[in-house]
1. Express in % the proportion of alpha carbon pairs of region 1-114 at distances exceeding 24 Å.
2. I'd like the orientation of helix 20-31 relative to the chain: the angle between its Cα long axis and the longest Cα principal axis, in ° from 0 to 90, rounded to 10.
3. Evaluate region 66-160: find the radius of gyration of its Cα atoms, find its Kirkwood radius, and give the ratio Rg to Rh.
4. Alpha carbon centre of region 106-128 versus region 1-76: separation in Å?
5. Among His94, Val40, Ala6, whose Cα lies farthest out toward the positive end of the dipole of the chain, if unit charges sit on the beta carbon of Lys, Arg (+1) and Asp, Glu (-1)?
6. Taking the Cα atoms of region 42-109, what is the range of coordinates along each of the three principal axes, in descending order and whole Å?
7. Counting only other residues whose beta carbon sits under 14 Å from that of Gln59, what net charge do I get with K and R as +1, D and E as -1?
8. When the Karplus curve 6.51 cos²θ - 1.76 cosθ + 1.60 is applied with θ = phi - 60°, which whole-Hz ³J(HN,Hα) does each residue of region 89-106 get, with x for Gly and Pro?
Amino acid sequence: MSEYVARGVLHIHSAPSALCPHVEWAVASVVDARVDFAWVQQPAAPGTHRAELTWQGKQGLGAKMASALRALGHLRFEVTEEPSPGCDGSRWSHTPELGIFHATVDTAGNIMVSEDRIRYAYELGVGDPTVMYQELSLALGEAWDEELEPFRHAAEGAPVRWLSHAV
């Protein structure tokens with residue numbers, strides 16, 4: 001693993017109340033430090049909470065966080081890792097219904113779809129533009145965006161905490 005520093009944001013869009021301590025434990029185990037989230041009610045899903053954490057650490061820390069949180073199941077979350085020297089940026093989105101989605105992102109946060117993925121959509125959709133549209137929609141993570149959008153809007157103005165992980 002590289003010693004370059006990466007930065008990103010963890011958005012817990014909704015976590016059942018009983019799962020909140022487990023979220024903190026999962027993130028703490030990845031960053032090897034105590035983590036205290038500023039949990040607030042999530043109005044888009046009564047009985048759940050939301051929190052945000054801005055982080056800094058080794059490249060790949062975003063993937064480790066996403067994997068640890070995915071194991072908890074009943075969460076809606078997003079993890080972003082900004083591009084850093086030698087590494088593309090990434091975004092992981094998770095919902096209980098859809099599971100996890102990963103995309104490579106540019107410095108502005110736009111999803112980058114690879115040439116191979118586009119060619120696959122062309123090949124699969126030969127003669128049927130609907131199939132090609134569905135494949136590109138999947139490559140862009142549109143279903144995850146649609147499901148998470150109400151939770152993102154409900155989080156506007158939410159407090160953000162900083163976490164710096166030793167490199």
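1. Of the Cα pairs, 23 percent sit more than 24 Å apart.
2. 80
3. Values: Rg = 15.1 Å, Rh = 14.8 Å.
So for region 66-160, dividing Rg by the Kirkwood Rh gives 1.02.
4. Using only Cα atoms, the two centres lie 29 Å from each other.
5. So the residue we want is Val40.
6. 41, 20, 20
7. Working: positive: Arg7, Lys58, Lys64; negative: Glu3, Glu81, Glu82, Asp88.
Net charge around Gln59: -1.
8. x, 9, 9, 10, 10, 9, 9, x, 7, 9, x, 9, 10, 10, 9, 7, 10, 8
Values in this text are rule-based calculations from the coordinates and carry no lab data. The structure presented is a predicted model; accordingly, all values stated were derived computationally and were not measured. Positions of Cβ are generated from backbone atoms using ideal geometry, with glycine treated the same way; all protein chains shown enter the neighbour counts.
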